[in-house]
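These notes are about the structure you will find just below.
The values are calculated or read from the model by the stated rules, or taken from the named source; none is laboratory data. Everything numeric here is computed off the predicted structure, so don't read it as measured data. Heads up, the Cβs are rebuilt from the backbone with ideal geometry, glycines too, and the neighbour counts pull from every protein chain shown.
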Ligand code: CA
């Protein structure tokens, strides 16, 4: 399964945590939070996220110390870390870099700038998950502009259909069960009937409309759905025939 990249926010200023959570989730990330350094250390031991936004000054255990400890462990020695520092702490940046953070953002920062840095850092480690455009055959999904085009034509997809297509396109050929799709596209805390997935796949197919190309969504009986990995190449063969 290729779930959404998971970001852990370690920050004791609650309004900032909420602001970051809101924007990261809107940008397609899965977010967990911790308000203390020692609490974050436990959270990371249980499950390693894809990236950490780590505040410099924290109760329990400082961000600098947590970063240093994470670099000493094999599971987290390469974990992408962006340090959030308050103005006036820049003088300590050199010390922080020696501690092993990948990037720095000084508060107050612009949220779009931070998001750009998150994507840039993740792109270095997980290219497919943060690519801005996913392309297959005549189908093009732009994650930044939230736009889908097929054969140069703009398609109008509902938000669920968009996320469903995005999720499937990220792992062409991979079959996902209805349960996996519910977890990844709808979220783990949502309890809905698995048949809901069928309804939305139906809507997605309808929204994709007619094309000279075959249906890019493959139904795998008894298993689930996949984005057809031959989509585009098969169509090209069809055109030539
Ligand atoms: Ca702080």
Extreme residue, nearest to the chain's Cα centre (by Cα), among residues of region 26-38 that are crowded, with 21+ Cβ neighbours inside 10 Å and either modelled with pLDDT of 95 or more or within 16 Å of the ligand (Cβ to nearest atom) (or both): 34
Residue count, region 127-162, condition closer than 18 Å to residue 25 by Cα, without any contact (Cβ under 8 Å) to a residue 40 or more places away in the chain and part of a helix (DSSP H, G or I), comes to 2
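Of all residues being away from the ligand (no atom under 14 Å from the Cβ) and touching a strand residue (DSSP E or B) at 6+ places or on another chain (Cβ under 7 Å) in region 77-86, which is modelled with the lowest pLDDT? Just the residue, please.
79
Can you pull out the residues in region 178-233 that are at positive phi and either surrounded by 15 or more Cβ atoms within 10 Å (Cβ to Cβ) or part of a helix (DSSP H, G or I) (or both)?
Result: 224, 232.
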Restricting attention to region 87-95, does a residue exist that is assigned to a strand (DSSP E or B), over 19 Å from residue 50 (Cα atoms) and either away from the ligand (no atom under 15 Å from the Cβ) or modelled with pLDDT under 85 (or both)? no
Filter region 116-136 down to residues that are surrounded by 15 or more Cβ atoms within 10 Å (Cβ to Cβ) and modelled with pLDDT of 85 or more and give me whichever is nearest to residue 213 (Cα to Cα). 136
Given the criteria surrounded by 14 or more Cβ atoms within 10 Å (Cβ to Cβ), within 30 Å of residue 68 (Cα to Cα) and at pLDDT 85 or above, does residue 162 qualify? no
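Per-residue answers, yes or no, for (1) more than 16 Å from the ligand (Cβ to nearest atom); (2) assigned to a helix (DSSP H, G or I):
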{"residue": "4", "(1), (2)": "yes, no"}
{"residue": "17", "(1), (2)": "no, yes"}
{"residue": "24", "(1), (2)": "yes, yes"}
{"residue": "40", "(1), (2)": "no, yes"}
{"residue": "54", "(1), (2)": "no, no"}
{"residue": "58", "(1), (2)": "no, no"}
{"residue": "67", "(1), (2)": "no, yes"}
{"residue": "70", "(1), (2)": "yes, yes"}
{"residue": "75", "(1), (2)": "yes, yes"}
